[in-house]
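The values are calculated or read from the model by the stated rules, or taken from the named source; none is laboratory data. Not measured: the values here are computed from a predicted model. Because the Cβ atoms are built from the backbone with ideal geometry, glycine has one as well, and the counts that use them run over all protein chains shown. Protein only, heavy atoms only, side chains kept; ligands, DNA and RNA dropped before computing areas. Shrake-Rupley method; radii C 1.70, N 1.55, O 1.52, S 1.80 Å.
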Protein chains: 2
Amino acid sequence: MDKNLKKRETMHRLCAKGLEVFHEKGYYNTNLDDILKDLSLSKGAFYHHFKSKEDYFIAIVQNLVQQKVYALLVEPLNTHENPLPVILDSIEKALEPGRPNEIAYGFMLNDFITEFSKRNEEIATYLRDILKVWEVNLVSILKRGKVDGYIARHVDCEGAASYIIASYLGMRTLLAESTNRQLKYNYVQQLKLYFNAIEERQVVA
Amino acid sequence: MDKNLKKRETMHRLCAKGLEVFHEKGYYNTNLDDILKDLSLSKGAFYHHFKSKEDYFIAIVQNLVQQKVYALLVEPLNTHENPLPVILDSIEKALEPGRPNEIAYGFMLNDFITEFSKRNEEIATYLRDILKVWEVNLVSILKRGKVDGYIARHVDCEGAASYIIASYLGMRTLLAESTNRQLKYNYVQQLKLYFNAIEERQVVA
DNA sequence: GCTTAAACCGACCCGCCGGTCGGTTCCATT
DNA sequence: AATGGAACCGACCGGCGGGTCGGTTTAAGC
């Protein structure tokens, strides 16, 4: 059963490198040869494992992007603490690439969604669904925060969730290629100010 | 001098239609024939007026996009009133297409910058410069607001400006193709809450 | 060690689209 | 009416890149 291992190994290498290159240069601006050359693989090898470039990308999204976004931005919300610091912390961590040159997974969503919105509605939907999961989890933790007396009663949780997501996505356009640490820091500071505005003044001890 | 008029007329028609189609389908996903067919013009006519597709797009950006963004988001800031309502109002107006199906000019910046960041750094720079002008004007009106006692002293004006821009740009990704009126309304509401957080509590009468 | 199928190779195909170019039409000027 | 140049036409070119396909290598099973 060494063959089976080889297959998984090759597909994994393809996906990892694909994510890297697609993220760096965009999907439509990347040609398969660029990736295959890097991995010393041939067209034949590629089409043995994937039906098409599109199929390949969907596999990458489902196996890598989705998992990482959930791990960084959704799972941390599964707690009963004060929601606002939890959200802030998850976003801060998501913005901070752990190892040097690691990819900020949240950011690539903005790029890919923008790219596919005009080109391929099917893939755009896959990507938007990932955001949607983040959104419903944000809404639900915010609502619980209201019940628990952490968040002001007047706050519209759906509105707040989209607003948080929007600002997070928009940062990508501003950061662009420059890994501007200052900008990231500023963003988190302003988000804190916004959180001040929606938190319950008299915390129910 | 009828020839001169004809030239301007044709170039104007090309730019207007180009903006419409590029915005709808993206620059790289639009081929010139799509545009030329709509206008009943030929390749020859096009290359008589523009050096290249790229040259054409730059003309569109400078003649249409830049002008509109400045008119909607920069010029309104040139006032001595309380900055926060002024900013809010300009953004609200910019989000609201006047005539039905008119383009929200701010939004296209996010799309175009994302598209060109990975493909053509020269054009990306043109586009980012437009944002930059908005940013410096935001910073300056915020700083004046601080002096005039409208904005809390602790506020980082540069940070606030990028944060406002980020949230505005990020909305595009969420709105995508659906002209979701509710989402726009929610966004403005949350922006108001953020503005509450940065305004001076004791307004100097 | 032979068979068989999976894994892989790489030359080739072909549609798409930006750009070219030799020509035609229109119109201001004389 | 003749001229010349601007505006425009549209068939064609050529590179690029996704996808194909016949062939070769590798290794599991017997």
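Observations
- Here the label points at A:D129 and A:A71, each 7 Å from Cα along the C-beta direction, are separated by 2.1 nm in the simple model.
- Rounded to whole Hz, the Karplus (6.51, -1.76, 1.60) HN-Hα couplings of segment B:152-162, x for glycine and proline: 4, 5, 6, 6, 8, 5, 4, x, 4, 4, 5
- Accessible area that becomes buried as B packs against A, both chains, 1.4 Å probe, Å², nearest 100: 3300 Å²
- The apolar share of the surface of the protein assembly as shown, taken as the fraction of accessible area on carbon and sulfur atoms (1.4 Å probe, ligands and nucleic acids excluded), comes to 50 percent.
- Teacher prompt: B:K43 distances to equivalent labels in other copies, 7 Å Cα→Cβ, nm: 2.5
- Solvent exposure of segment B:73-175 as accessible area per residue, Å², 1.4 Å probe: 39 Å²
- Tensor-based shape of the protein assembly as shown (alpha-carbon gyration tensor, a/c under 1.5 rounded, otherwise prolate or oblate): oblate
- 1.4 Å probe, heavy atoms, protein only - residues of segment A:145-180 losing at least 50 Å² accessible area vs chain alone: A:Y163, A:A166, A:T173, A:L174
- Loop GluC sites (Glu not before Pro), segment A:49-147 (other Cβ atoms within 10 Å of the site Cβ: 15 or fewer; DSSP): A:E81, A:E102
- A simple rule links phi to the HN-Hα coupling: the Karplus curve 6.51 cos²θ - 1.76 cosθ + 1.60 with θ = phi - 60°, which for segment B:11-22 gives 4, 5, 4, 4, 5, 4, 5, x, 4, 4, 6, 4 Hz, with x for Gly and Pro.
- Full-stretch length increase - A:Q189, A:E92 - with 0.36 nm per residue and alpha-carbon distance subtracted: 33.9 nm
- According to the Cα-based calculation, Rg over Rh for chain A is 1.04, with Rh computed by the Kirkwood formula.
- Cut-off under 5 Å, modelled amide H: who pairs with B:I151 long-range: B:K146, B:E200
- Shape category assigned to segment A:1-50 from the gyration tensor of Cα positions, a/c cut at 1.5: prolate
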